[in-house]
1. With the contact rule set at Cα under 8 Å and sequence spacing of 6 or more, what percent relative contact order holds for the range A:3-102?
2. For chain C, what's the relative contact order in percent, using C-alpha pairs closer than 8 Å and at least 6 residues apart?
3. When the scattering of the range A:105-223 is computed by the Debye formula from its Cα atoms alone, each counted once and equally, what is log10 I(q)/I(0) at q = 0.16, 0.18, 0.22 Å⁻¹?
4. Take chain C, mark every one of the trypsin sites (Lys or Arg not before Pro) that falls in a DSSP loop and has at most 16 other Cβ within 10 Å, then report the longest stretch left between them, sites excluded.
5. How about the range B:51-157: which GluC sites (Glu not before Pro) there lie in a loop by DSSP and see at most 10 other Cβ atoms within 10 Å?
6. Against the longest principal axis of chain A, how steep is helix A:177-187, in degrees 0 to 90 to the nearest 10, with axes from Cα atoms?
7. Based on the inverse mean of 1/r over its pairs of different Cα atoms, what is the Kirkwood hydrodynamic radius of chain A, in Å?
8. Per-residue Cβ counts within 10 Å, from other chains only, averaged over B:97-104: what number is that?
Amino acid sequence: MGPEAQAMQRDDFSNPAMLGVAAGEAAWNSAPANGKPACSGCHGDINATMRGVDARYPARQANGAVMDLTGRIQTCQSQHQAITPEPRESAGLLALQAAVALRSRGMQIEAPASRGLSEAVSRGEALYRQRLGQLNLSCAQCHDDHWGRSLGGTRIPQGHPTGYPIFRLEWQAMGSLQRRLRNCFTGVRAEPFPAGASEWIDLEIYLRQRAAGMASDAPGVRP
Amino acid sequence: MSRPFSPHSGIELDRRALIGAGAMLVTALAVEPAAASPDMAAAIRKFTGGAEPKTGKVTLDIAPLVENGNAVGVEVKVDHPMTPESFVSEIAIFTEKNPVPDVAVFHLSPQSGRAHVVTRMRLATTQNVAAVARLSDGSHWQETREVIVTIAACTED
Amino acid sequence: MTTAMILVPRTPIRSGDVVMLKAMISHPMETGYRRTENGEEIPRNIIRRMICRYDGVEVFSVEMHQAIAANPFMSFGVVATKTGPVEFEWVGDNGFRHRQSAQLTVTG
């Protein structure tokens, strides 16, 4: 992203994603109507308990399921708050994600392979290198072979999802990595994986492996 | 346009058919609403009450090229005191090719201390942006800048 | 839920200093030019005005049109005189109204 978007992200007061964080922090402290606890009821102070959490997501849960942060929050909502989880891409869920992700900002993204997710990393890499769509392009062809060059007015990045959930200027709204990846699918005129498909998680895990060791800059601004 | 391009038709008919087809093609691709295209100069004159703004005093800070037209930072400073005797009373921003030329009108007072405003605006396409300041003595000053707007890659549709 | 952020500079402010205030509010600023996937027009829904009052007196206001970006961000100057609230009010289409204040502390 160019200098303007970088400047917008660097200043917490200019970063539109911080409005999402403010809403998420309020939601963190709000108990659902059914008497179950607010997030703070179980997790206490977000600054203490959520520190470093996003940096190690997607993660394997106690029951063996591998989830991204969105899925984990939805699981908390259904299992511990007994409410219908907010849909992916809903403003409320993105706000909670942004609030949690902020607590990993500046911390190194952990390599999924070091947390027992090597097989998912391999599956994700296979997806990354697979040609897709009418344009018959793989992620690798743009993001490995042509990073740094211009597509439209934007520089092609190397595919390191360090800033999610982001405020994408193109959307004029907050959104998840999955939404951004769906836009890539549109870019190559490919049918996206179905909603809820494990491929999304595998691909995210591979991308986080690529980003391992980089500092999180969530919640970010992107063009 | 279904008129066949027949070699036996007169030259006039063929040319009209081609021009007609061309015009229709342009309409189908246009993204602006059906209303008449806006006039930035007319909008500025409406703001100034007909007066032509002078060049000077106003500094319009805006990137010459932006990655995305949805949120373009814009900063306007006017080199003029802000005292009860003489101050900048309004700063207005206009665009040349947006569907509506008006962007914002900032109302300042001597309590503002400084004629300096910052905001983020939308630019539909590459175009000129104008900042016009009105002083308490009724004079108007302006600066215009061109901004190249590029389109994001890999969008929703 | 509308969220707004107001920034009063944290550095010590003395009477007579000109401080740049910043304000940002969550709002889609729907232009009225977009259409849904089914081709239906999405009606305009924007904030029309933001007003700032310092110590009860209006010191700044801005009229906004559709070309102001989503989540409107504004920054402007105000002369600090004495400790007191800076009250912001945003007014817009469909009866939108939001008020939020911050304290401007003058230390000397």
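Bear in mind these aren't lab numbers, they're just calculated from the coordinates by the rules spelled out. In this text the structure is predicted, and so the values were computed from the model without any measurement. Note that each Cβ is placed from the backbone with ideal geometry, even for glycine, and that neighbours are counted across all protein chains shown.
1. Details: 103 pairs, mean separation 36.0, N = 100.
Value for the range A:3-102: 36 percent.
2. Numbers: 246 pairs, mean separation 34.8, N = 108.
Relative CO of chain C lands at 32 percent.
3. The calculated log intensity ratios at q = 0.16, 0.18, 0.22 Å⁻¹ are -0.79, -1.03, -1.54.
4. C:45-81
5. For GluC sites (Glu not before Pro) across the range B:51-157 that sit outside H, G, I, E and B with at most 10 neighbouring Cβ atoms in 10 Å, the list reads B:E85.
6. Orientation of helix A:177-187: about 30 degrees from the principal axis.
7. 18.0
8. Values: counts 0, 5, 6, 6, 2, 5, 7, 9.
What the average comes to for B:97-104 is 5.
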